[in-house]
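Peer 1: I have a structure I would like to understand better, so I am pasting it below and will then ask my questions one at a time.
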Amino acid sequence: MQLTEEEKSMLDGDQGPAVQKAMDLLMRYGNALGAERLVETNNVVASVSATTPFMRDFAKQNGGMDAVFSQFSLDSDEVVSIPKIKAFTTHTQLGFDPEQAARMGVDEETVHFYRKGEAFTTGLGIQATNTCTPYQVGNIPTRGEHCAWMESSAVIYCNSVLGARTNTEGRESVGAAMLTQRIPYWGYHLDENRLGTHLIEVATSIESTADWGLLGYWIGDKVQEKVPVVTGIGKTPNLARLKHFGASASSSGGVEMYHIVGITPEAMSQEQAFGKRKPQEIFRFDAKEKASILDRLNSTGKDTKVDYVMLGCPHYSMEQLWELAQLIEGRKVHPDCELWIFTPRSTKTLCDQNGYTRIIEEAGGHILSDSCSAMSRAMPKGTRVVAMDSAKQTHYLPAILGIQAWFGSTADCVEAACTGQWQGGLR
Amino acid sequence: MIKNADTNKITLRGRCVVPGISEGEALVTHQQISGWGGIDSRTGTIVETRHELRGVSFAGKVLVFPGAKGSSGWSNAFHLTRTFGVGPAAMLFNEMTTKVALGAVVTRAPCLTDFDQNPMDIIETGDWVRVDANQGLVEITKRSKAT
């Protein structure tokens with residue numbers, strides 16, 4: 001890799017051992033990729049948190065949060081002192097909501113350790129946004145901006161909807177990026193890799209958020225980590241729909257970038273989306289495919305008695321919480337069922353102000369922040385069957401928690417919460 | 001049962017992703033692997049619901065797979081397999097992504113990609129595989145077909 005004078009100086013240790021370790025990791029990572037150089041970035045989305053008993057014990061035995069950061073954010077066995085970060089960084093979701101630890105089955109000691117960790121990370125200059133949706137709480141890069149983001153559902157939104165540029169980074173590479181303001185110049189940082197590879201012709205109506213989730217899940221399975229170009233969309237989707245679409249495409253496959261012709265910024269036309277390329281393959285999504293992908297997604301769902309309804313994967317937007325408050329106002333969650341909704345902490349504050357928290361709690365539901373059931377492995381005690389409006393979470397939860405999962409619309413989920421029965425499905 | 005070592009060795013050439021030399025029994029999948037939520041980092045076992053290797057551990061194996069998919073927690077999930085001592089002995093894959101590159105780097109197991117022949121067409125689960133990532137060489141000893 002070609003390094004600039006400043007990068008060489010960082011690698012030589014002129015800015016201290018932590019920056020040196022960071023640059024050493026970026027060199028190993030860049031060489032692994034086959035990258036020719038690094039690119040400057042001032043926008044990082046990262047996880048540096050330590051919310052598990054394992055991390056707590058690791059910190060205790062190895063030298064505190066500096067040891068956790070050295071090993072898990074810089075891949076350094078040597079414990080180095082971590083200085084203040086150089087690149088603007090927002091934090092991803094955590095292993096639990098520290099404000100509602102008891103509900104999530106997290107003990108006081110773990111919360112106490114988390115608080116120490118949070119003081120460490122905010123002290124470094126990392127924003128405690130604690131969400132998988134940085135773009136919902138003010139981290140909105142501009143078109144063309146080079147970023148280093150973790151969280152696959154955020155990465156795909158960043159590239160496709162915002163037109164900013166990031167690869168799917170991991171905990172170690174973003175740790176290095178925040179200390180150096182550098183990331184390998186590879187993949188989606190380069191124009192040619194952002195062009196479409198596969199054409200998706202949509203031949204059935206895609207309107208609800210659940211429809212978008214299903215379409216994304218189907219496309220991810222078809223194209224894996226390639227760049228799909230979607231045509232045949234009638235109604236322009238809102239933030240929540242594209243959030244669910246991207247989250248599911250990046251779960252069933254590894255999609256990090258897509259185009260929707262006429263809607264996303266690098267696809268004002270099909271020609272622009274593909275450049276001079278021809279589609280490698282053309283796939284058609286019709287009503288039959290839609291029914292079959294729903295069946296596939298619901299393959300773990302057997303019992304219609306639902307114990308738990310989880311909303312907020314990715315974290316719910318303020319618009320989704322407004323819709324939910326309207327759907328549930330005046331109703332009651334069934335005594336045999338629980339309803340948990342996950343949203344960023346700042347959005348929860350807005351819900352408190354708007355009165356949605358009161359409406360949802362009066363119905364028997366709970367708004368939680370900072371986490372989700374997949375991240376925390378927390379669910380109401382005795383849960384056997386969960387219902388969700390997120391294809392991504394439906395993909396992950398059965399494997400992570402060994403439970404049955406149903407996927408449907410937000411309205412299906414509210415109905416399940418209030419009746420304790422799953423009655424969802426395509427209509 | 002007598003294991004007759006087949007002396008007919010096959011050699012592949014690839015590009016170094018992570019330097020180092022190691023060997024072990026091959027574990028081959030034709031499906032991409034999900035890291036976070038797809039593996040149990042404490043045992044090195046694949047847990048993804050519909051994965052063909054569900055319930056199988058890659059600890060100490062030469063993992064042969066097309067590439068990575070899923071969460072950006074891929075690297076951390078594989079990093080932890082090293083921490084828990086259940087990482088793969090080596091990794092051979094075809095499709096380069098940032099997830100698999102960073103994951104391989106922090107797993108610190110010898111790793112190659114960009115092969116002269118598709119390793120998934122040649123290597124089968126149970127074959128003995130020696131990986132010299134420094135030289136870009138993979139040496140495969142086919143598992144004996146004798147019973």
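Peer 1: When the scattering of the range B:82-147 is computed by the Debye formula from its Cα atoms alone, each counted once and equally, what is log10 I(q)/I(0) at q = 0.13, 0.18, 0.29 Å⁻¹?
Peer 2: -0.40, -0.74, -1.39
Peer 1: What's the exposure ranking of A:CYS351, A:CYS313, B:CYS111, going from fewest to most Cβ atoms within 10 Å?
Peer 2: Going from least to most buried by this count: A:CYS351, B:CYS111, A:CYS313.
Peer 1: Points 7 angstrom from Cα along the Cβ direction at A:ASP66 and A:LYS278: gap in nanometres?
Peer 2: 6.1 nm
Peer 1: If you don't mind, another one. Using a 10 Å cut-off on Cβ to Cβ distances, tally the other chain neighbours for every residue of A:166-179 and report the average as a whole number.
Peer 2: Averaged over the peptide's residues, the number is 5.
Peer 1: If you don't mind, another one. Taking a spot 7 Å from the Cα of B:ARG13 along the direction of its beta carbon, which residues of the range B:111-131 have an amide N less than 15 Å from it?
Peer 2: B:113-118
Peer 1: Can you run phi through the Karplus equation (6.51, -1.76, 1.60; θ = phi - 60°) for the range A:361-372 and list ³J(HN,Hα) in whole Hz, with x for Gly and Pro?
Peer 2: These are the phi-based 3J(HN,Hα) values: 6, 4, 7, x, x, 9, 8, 10, 10, 6, 8, 6 Hz.
Peer 1: How big is the Kirkwood radius of the range A:299-419, worked out from every pair of different alpha carbons and given in Å to one decimal?
Peer 2: This gives a value of 14.0 Å.
Peer 1: Could you work out the per residue convex hull volume over the alpha carbons of chain B, in cubic angstrom?
Peer 2: That works out to 103 Å³ per residue.
Peer 1: A further question on this structure: Quick one: go through the range A:205-231 and flag any residue whose amide nitrogen is under 17 Å from the point 7 Å out along the Cα-to-Cβ line of B:ARG50.
Peer 2: Once the point is set 7 Å along Cα→Cβ of B:ARG50, A:213-225 turn out to lie under 17 Å by backbone N, inside the range A:205-231.
Peer 1: Using only alpha carbons, build the gyration tensor for the range A:5-189 and give me the equivalent ellipsoid semi-axes, biggest first, whole Å.
Peer 2: Over the Cα atoms of the range A:5-189, the ellipsoid semi-axes are 27, 21, 12 Å.
Peer 1: Two decimals is fine: what's Rg over Rh for the range A:195-296, C-alpha atoms, Kirkwood radius as Rh?
Peer 2: Taking Rg over the Kirkwood Rh, I get 0.92.
Peer 1: Taking R0 as 51 Å, what FRET efficiency do you get between A:GLU361 and B:HIS30 from their Cβ-Cβ distance, rounded to the nearest 0.05? List each step's numbers first, then the result.
Peer 2: Working: r = 49 Å, r/R0 = 0.96.
Efficiency for this residue pair is about 0.55.
Peer 1: What pairs in A:LYS243/A:LYS305; A:LYS226/A:LYS392; A:LYS348/A:LYS381; A:LYS226/B:LYS99; A:LYS60/B:LYS61 have C-alpha atoms more than 20 Å from each other?
Peer 2: On the way: A:LYS243/A:LYS305 29 Å; A:LYS226/A:LYS392 18 Å; A:LYS348/A:LYS381 24 Å; A:LYS226/B:LYS99 14 Å; A:LYS60/B:LYS61 32 Å.
Check vs 20 Å cut-off fails for A:LYS243/A:LYS305; A:LYS348/A:LYS381; A:LYS60/B:LYS61.
Peer 1: Would you calculate, for chain A, the mean residue ellipticity at 222 nm contributed by helices, counting each DSSP H stretch of 4 or more residues as -39,500 (n - 2.57) and dividing by all residues, to the nearest 500?
Peer 2: For chain A, the value works out to -12500 deg cm²/dmol.
Peer 1: Here is a follow-up. Please work out the Cα convex hull volume for the range A:232-353 and give it in Å³ per residue.
Peer 2: Hull volume normalised by residue count: 170 Å³.
Peer 1: Something else now. Which of A:TRP406, A:TRP322, A:TRP422 has the fewest other C-beta atoms within 10 Å, and how do the rest follow up to the most?
Peer 2: Fewest-to-most ranking of A:TRP406, A:TRP322, A:TRP422: A:TRP322, A:TRP422, A:TRP406.
Peer 1: I'd like the antiparallel share, as a percent to the nearest 5, of DSSP beta bridges with both residues in chain B.
Peer 2: 65 percent
Peer 1: Quote the FRET efficiency, to the nearest 0.05, computed for A:SER299 versus A:GLN421 with a Förster distance R0 of 22 Å and r equal to the Cβ-Cβ distance.
Peer 2: Details: r = 20 Å, r/R0 = 0.89.
According to the calculation, E is roughly 0.65.
Peer 1: Between rounded, prolate and oblate, where does the range B:36-93 land on the alpha carbon gyration tensor, with a ≥ b ≥ c its root eigenvalues, rounded for a/c under 1.5, else prolate if a/b exceeds b/c?
Peer 2: In terms of gyration-tensor shape, rounded.
Peer 1: Only bridges with both residues in the range A:5-189 count here: give the DSSP antiparallel percent, nearest 5.
Peer 2: Taking every DSSP beta bridge within the range A:5-189, about 25 percent pair in antiparallel fashion.
Peer 1: Fewest Cβ neighbours within 10 Å first, please rank B:THR45, A:THR121 accordingly.
Peer 2: On the way: B:THR45 17, A:THR121 22.
Neighbour counts put them in this order, fewest first: B:THR45, A:THR121.
Peer 1: Roughly how tilted is helix B:98-107, in degrees to the nearest 10 and between 0 and 90, from the longest Cα axis of chain B?
Peer 2: The angle comes out at about 70 degrees.
Peer 1: OK, next. To check you understand DSSP bridge types, tell me what percent of the beta bridges within the protein assembly as shown (both residues inside) are antiparallel, rounded to 5.
Peer 2: 35 percent
Peer 1: If you average the sequence gap of Cα pairs under 8 Å that are 6 or more apart and divide by the length of chain A, what percent do you get for the contact order?
Peer 2: Answer for chain A is 16 percent.
Peer 1: In angstroms, what radius of gyration and Dmax does the protein assembly as shown have, counting Cα atoms only?
Peer 2: 23.3, 76
Peer 1: Please work out whether the range A:80-169 counts as rounded, prolate or oblate from its C-alpha gyration tensor, where a ≥ b ≥ c are the square roots of the eigenvalues and a/c under 1.5 means rounded, while otherwise a/b larger than b/c means prolate and anything else oblate?
Peer 2: In terms of gyration-tensor shape, oblate.
No value in this document is a laboratory result; all are computed from the given coordinates. Quantities reported herein were computed from a predicted structural model and do not represent experimental measurements. Don't worry about glycine lacking a Cβ; one is built from the backbone with ideal geometry, like all the others, and counts go over all protein chains shown.
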